[in-house]
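Some notes on the structure that comes next.
Just so it is clear, none of the values below were taken in a lab; they were calculated from the coordinates. Only a predicted model underlies this, so the values are computations on that prediction, with no experimental measurement involved. Neighbour counts are summed over all protein chains in view; Cβ atoms, including those assigned to glycine, are modelled from backbone coordinates with ideal geometry.
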Amino acid sequence: MFDKRVYGSLIVMILTVYAIRVLPFLIFRKEIKNKWVRSFLHYVPYVTLAVMTFPAILTAASSVWAGGAALVTGIAVALLGGDLFVVAISTCVAVFLTEMVIL
Amino acid sequence: MDVRLFLKGSRDGIPIAMGYLAVAFTLGIAAGNINMDALQSFFMSFGMLASAGEYAAILLIGSAAGVIEMIATTFIINLRYFLMSCSLSQKLEPGVPMWKRLLLAWFVTDELFGISSAVEGYLDPVYTYGAAVVSVAGWCLGTVLGVVAGDVLPVRLASAMNVALYGMFLAIIIPPARKSRFMAILVAVSMAASFVFANAPVVSEISEGFRIIILTVLIAGAAAFIRPIEEEG
């Protein structure tokens, strides 16, 4: 069924999200010279990802224990030099095994 | 185009796609609950590429919200992408053509931003495109599956896949923290502050999207004062 209202709403929201994402690329076409701004933008990813990971990882699985196991395993495998793929899969395995033991 | 770089991106996109499949699946169920069909849900997921943003979109459509409310809510919930795009815009070589930047902007999700930031030196957007092709496919497929078959994915498998996204974040933030004491402190402080904001009275009332923005601005801002980065050529 083609519902005009649903598609109209979706188009409005899709354009809004894209505007947020694209504006910085239109504004900052050249490299920013200001040292503080450059440093700030350099640190942004690490802070954002750390904030998003903890404590959210604890509640991402069906139990806190499984989430905690994922956190510890992920940090350990990353410290041992595992790449993106390996670390991500290791956290999944940790959750799967932990849930198998406790459920 | 650098095919090898595209393929490397595609490989790194696999864990993202797995996590996306699980997250988008629950989104699809929510979309199905307000009678959105598979095509509408696909259109939403392909266009928005945003988890919290799409949950909000489903709620807004379900409650027949007005246009102003839709724009305002979508703007606030997705504002963190603004910061991420600012950061990525500075990771591109000055000569990167505009169309490549406009396409890259489409793919600024938490995860694709994360792996793109982790690249050494300048980012060649081809890497992000490679990761995007795989992960966006997982995102859209998950949404459609959630609509048409809300109960095919075993809960335990979904729960395990859900965690893949956080595993990726750890893979990005832990190695620099091992190399530099300052980065280790930065990551630890960020996590501790995030924990406090998620649980303390008053601040935990703030929506998750805004908590991320506030903490990022405060902590990354302070870090830039304490330890300005050395110019890397």
Counting pairs of alpha carbon atoms under 8 Å apart in space and at least six apart in sequence, what relative contact order in percent does chain B give?
36
Report the one residue of B:89, B:172, B:203 whose Cα lies farthest in the direction of the positive end of the charge dipole of chain B (charges on C-beta: Lys and Arg +1, Asp and Glu -1; origin at the Cα centre).
B:172
For A:43, B:55, B:20, A:18, order by how many other beta-carbon atoms lie within 10 Å, fewest first:
B:55, A:18, A:43, B:20
Give me the percent relative contact order of chain A, please, defined on Cα pairs under 8 angstrom at least 6 residues apart.
18
Can you compute the charge dipole magnitude of the protein assembly as shown about its Cα centre, using +1 on each Lys and Arg Cβ and -1 on each Asp and Glu Cβ, nothing else charged? Give it in debye, rounded to the nearest 20.
660
Do any trypsin sites (Lys or Arg not before Pro) in the range A:1-100 lie in a DSSP loop with no more than 10 other beta carbon atoms within 10 Å, and if so, which?
A:30, A:33
Just checking the output field for B:202-214: average partner chain Cβ neighbours within 10 Å of each residue's Cβ?
1
Please work out the FRET efficiency for the pair residue A:86 and residue B:137, using the Cβ-Cβ distance as r and a Förster radius of 25 Å; give the result to the nearest 0.05.
0.70
Give me a single rounded figure for B:219-229: the average over its residues of other chain Cβ atoms within 10 Å of their Cβ.
6
Taking the Cα centre of the range B:1-157 as the origin, how large is its charge dipole in debye, to the nearest 20, when only Lys and Arg (+1) and Asp and Glu (-1) carry charge on their Cβ atoms?
200
If amide H atoms are built 1.01 Å from N in the plane of the peptide, which residues on other chains or at least 5 residues away come under 5 Å of the amide H of residue B:123?
B:92, B:93
For the range B:88-103, take each phi angle, set θ = phi - 60°, evaluate the Karplus expression 6.51 cos²θ - 1.76 cosθ + 1.60, and give the result in whole Hz per residue in order, putting x for glycine and proline.
5, 4, 8, 9, 8, 5, x, x, 4, x, 4, 4, 5, 5, 5, 6
Provide B:86, A:92 in ascending order of the number of other Cβ atoms located within 10 Å of each residue's Cβ, fewest first.
B:86, A:92
Between residue B:218 and residue A:32, what FRET efficiency comes out of the Förster formula 1/(1 + (r/R0)^6) with R0 = 25 Å and r the beta carbon distance, rounded to 0.05?
0.80
Which Cα, out of B:45, A:13, B:103, lies furthest along the positive dipole direction of the protein assembly as shown (beta carbon charges, K/R +1, D/E -1)?
B:103
Can you give the translational diffusion coefficient of chain B in µm²/s, computed by Stokes-Einstein from the Kirkwood radius over Cα pairs at 37 °C and 0.692 mPa s?
172
Taking GluC sites (Glu not before Pro) as exposed when in a DSSP loop with at most 12 other Cβ atoms inside 10 Å, chain B has its longest clean stretch at B:1-119
Select from A:52, A:79, A:42 the residue farthest towards the positive end of the dipole of the protein assembly as shown; place +1 on Cβ of Lys and Arg, -1 on Cβ of Asp and Glu, and compute about the Cα centre.
A:42
